[in-house]
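The values are calculated or read from the model by the stated rules, or taken from the named source; none is laboratory data. The structure displayed is predicted, hence computed values, not measured ones. FYI the Cβ positions are ideal-geometry reconstructions off the backbone, even for glycines, and counts take in every protein chain you see.
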Amino acid sequence: MTCRSSLRSPLRSHIFRGTLLLAALVTGAAGQGAPTAAAPTDAPLVNHVPAGVMFYMGWDGSPAHWPGYKQSTLAAFLKRSALAPFLSRDLPTLLKTAAGTQPMLAGSKGQISGDLAMLARHPWVFYCTPADAAGGPVGAGLIIQAGGDAAKVMAKLRQLSARLPARAQARAGNSGGYCYLFSHATPAMLRAVTGDGALLPADKAFASAMAQLPAADGYAVYADLKKLESAENALAKSHAAAVYWHKVSTVYSLDSYRTFAEGGGLHGKRWLDGAFLAMRQPVVSHGGGVNSLLAKAPANSTSAAVVHFPLPRLYGFTMATAALLGKRAVVKQMLSQVASMTGISLRKDVLASFGAHWLFYTPGQAPNAVLGFVMVNRLKHPTRLANAIVIAAPLALMGINAQLEQHRVKHAAAVMKQMTVGSVTIYYIQSPKSTITPAWALDNGLFYFSLNPSLIRQAIDHPGKPVTASPGFNRAMAQLRLPTQALEAVGYEDQAALLPQGYNMVTQALAMANLYLHPAKPLANPLPPLQQVRPLMQPLASASWVDSAGWHLRQISSFPGAGLLSPVGWGAAPAMVNPATGLLIELGAAGGVAGYTVHVKTEPAAAPVTQSGAAQ
């Protein structure tokens, strides 16, 4: 058992995490036997982990034993679904079928679901320790609070230990019902199993990061990003690889990141997640752009998200990346050729024209939630962009028709049309054989884009109340326990309204998997019937902000993985966009300049979304 570190881990997809977490909840809630409840600590089994680890992941055990579980939406969803038998009976069948064409899966049928059920029922923790000062190997530990199931758990751990290579120096044992499997065990790791020695709660960086998360039974993740970066360098297979990684870290200012923490669990009847990314330098909010853009989304919006994506900084980020790849001169030459041919400067006329915040929303009357979106940006230089579009749009039209002609698509030539709304002109490109009609407009400093020109017309005509006046929006935001400062990003989904489309997409994907893996005897849909799921779906909301400590995220949903039943997934947009792209582009655009400080840009006319969730 080894621990391969990576800075990408803390910024993983929340959708992927939701899938795994929901599977663990299902098997844990449906598991047999009486699991031992986790001790009431700030994080699962944290008092059995040595101080100074570089990665920690903990689980609180079967949700059936969490306070308030029986009254939760999660319990109601699992009771109405067939997910538990699907994971215990049908999943092994699918694996057995897949093993016929995938030798790697041979012999694994039943094992995956059985191991998952074992881990879901009991509190456990997995952690990695950094190499010692003498350059020793990275260590790893798995501890399971097995209680009365210690014999069964130990049998599993010994099987796993036997399959590990000799270089892992695996060691399995049991101490007071705490079963463990270590790789490169140290005395500190062995003492920590029984709660002796310096433990993780004494680690100031860990305590500071975890204090930023909402307290809840469920799961917790922590990463010391500086130690992970050092381990990445130590694990590099060559000096050249180590040098290259150092260049990556320098170009993108990755040394600005310090620690990452994430955790979640039941919050009343719903599920609350939180995340925190500590930065080297105090981070000041960009501020102000969120609320004024949210006001452009109508109250009947089934989804709305404002994300911070600093497109004006994309040029610096791109050039830093090109320099890292040794292609800076090539990229500059390409951009210069485009400018000379079109008279458009990508940097000055296009990228620099956009504001840092973007609104995406789906109006309630849109027939398709995925394609029926509207995108809005408050421009910095509207005239520059308007002039650039006048030149670029005909060129784009020529390119589209050239592609259609090359592929010999008959009677499909695209044409540019326009419609007028008051003093505003909406332009769109239409093809007789396409249901997608790209459209755009500029109005009073705002840039609109959609795949349906009628939606832009409705957006410009929008005289009614904004989505911030929607009762569902305000109820969901109020449960996020937000601070009073301006937010960096906000996401909202009326999941009850979006459910039919999302449910159909999921069931169709399951049917395709069924057809491919088990065509002779199709397996039953593990999801509850649509009419049983819909009453359980409450609005999903997320928000992120920055302060002197770093970047923060909160997300509230009906149950973990609920976003998988949404066709758009914009409610989680702040989770995916801000840390992985927004901050990275800001840092990378600086080209390795030390520190990260964002200047405040106030917007007096817009009231912030406060802890109550309503605009004051």
Original post:
Given (1) more than 19 Å from F354 (Cβ to Cβ); (2) part of a helix (DSSP H, G or I); (3) modelled with pLDDT of 90 or more; (4) not charged (D, E, K, R), where does Q418 come up short, assuming only one miss?
Top reply: (2)
**OP:** Could you tell me whether A388 is touching an Asp or Glu at 6+ places or on another chain (Cβ under 6 Å) and not aromatic (F, W, Y)?
**Re:** yes
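Filter the range 58-82 for residues that are surrounded by 20 or more Cβ atoms within 10 Å (Cβ to Cβ) and outside any helix (DSSP H, G or I); which is modelled with the lowest pLDDT?
S62
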Original post:
With A323, A386 as the choices, which residue is more than 22 Å from the chain's Cα centre (by Cα) and either closer than 26 Å to T250 by Cβ or at pLDDT below 90 (or both)?
Top reply: A323
Original post:
Would the range 122-142 turn up any residue that is at pLDDT below 90 and polar (S, T, N, Q)?
Top reply: no
**OP:** Could you tell me whether any residue of the range 469-488 is within 20 Å of R80 (Cβ to Cβ) and crowded, with 16+ Cβ neighbours inside 10 Å?
**Re:** no
Subject >> Among (1) within 19 Å of A146 (Cβ to Cβ); (2) out of contact with any Gly (no Cβ under 9 Å at 6 or more places or on another chain) - the single one V193 does not satisfy >> reply: (2)
**OP:** Using the structure shown, decide if R347 is closer than 20 Å to I456 by Cβ and among the basic types (K, R).
**Re:** no
**OP:** Scan the range 482-514 for residues that are at pLDDT 90 or above and in a loop (DSSP other than H, G, I, E, B) and report the count.
**Re:** 1
Original post:
Mind checking whether some residue in the range 336-350 is closer than 30 Å to V467 by Cβ and of a type outside the set (F, W, Y)?
Top reply: yes
**OP:** Only residues that are of a type in the set (K, R) and part of a helix (DSSP H, G or I): list them for the range 445-481, please.
**Re:** R457, R475
Original post:
What number of residues within the range 157-171 are under 19 Å from R121 (Cβ atoms) and aliphatic (A, V, I, L, M)?
Top reply: 2
Original post:
Could you say whether any residue in the range 144-157 is part of a strand (DSSP E or B) and either free of Cβ contacts under 8 Å to residues at least 12 places away in the same chain or under 23 Å from Y219 (Cα atoms) (or both)?
Top reply: yes
Original post:
For the range 292-336, what are the residues that are farther than 19 Å from Q458 by Cβ and in a loop (DSSP other than H, G, I, E, B)?
Top reply: F309, P310, L325, G326, K327
Original post:
Taking the condition touching a Gly at 6+ places or on another chain (Cβ under 7 Å) and either over 25 Å from S249 (Cα atoms) or of a type in the set (F, W, Y) (or both), does H308 pass?
Top reply: no
Original post:
Would you pick out the residues in the range 407-421 that are closer than 19 Å to N452 by Cβ and surrounded by fewer than 11 Cβ atoms within 10 Å (Cβ to Cβ)?
Top reply: T420
**OP:** Pairs only if they're at least six apart or on different chains, beta carbon under 7 angstrom, first in the range 182-204 and at negative phi and part of a helix (DSSP H, G or I), second of a type in the set (D, E) and surrounded by fewer than 18 Cβ atoms within 10 Å (Cβ to Cβ); list them, first residue then second.
**Re:** P201/D42
Original post:
Which residues, counting only those in the range 163-181, are farther than 16 Å from Q145 by Cβ and in contact (Cβ under 8 Å) with a residue 12 or more places away in the chain?
Top reply: L164, A168, Q169, A170, R171
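Which residue is nearest to V53 (Cα to Cα), if the candidates are limited to the range 193-216 and must be among the polar types (S, T, N, Q) and in contact with a strand residue (DSSP E or B) (Cβ under 7 Å, 6 or more places away or on another chain)?
The extreme case among them is T194.
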Subject >> Pick from the range 362-395, criterion free of Cβ contacts under 8 Å to residues at least 40 places away in the same chain and surrounded by fewer than 14 Cβ atoms within 10 Å (Cβ to Cβ), ranking: farthest from H308 (Cα to Cα) >> reply: P394
**OP:** Would you please list the contacts, defined by Cβ atoms under 7 Å and residues six or more apart or on different chains, that run from a residue in the range 468-482 that is without any contact (Cβ under 8 Å) to a residue 40 or more places away in the chain to a residue that is surrounded by 21 or more Cβ atoms within 10 Å (Cβ to Cβ)?
**Re:** none
**OP:** For the range 396-407, state whether one or more residues are within 29 Å of A459 (Cα to Cα) and part of a strand (DSSP E or B).
**Re:** no
Subject >> Only listed residue being of a type in the set (G, A, S), without any contact (Cβ under 8 Å) to a residue 60 or more places away in the chain and closer than 22 Å to A388 by Cα, chosen from A352, A322, A329, A356 >> reply: A352
Subject >> Candidate set: the range 528-549, residues that are touching a helix residue (DSSP H, G or I) at 6+ places or on another chain (Cβ under 9 Å) and in a helix (DSSP H, G or I); chosen: the one farthest from H308 (Cα to Cα) >> reply: Q532
Original post:
Tally time: how many residues in the range 248-305 are under 30 Å from K227 (Cα atoms), among the β-branched types (V, I, T) and modelled with pLDDT under 90?
Top reply: 5
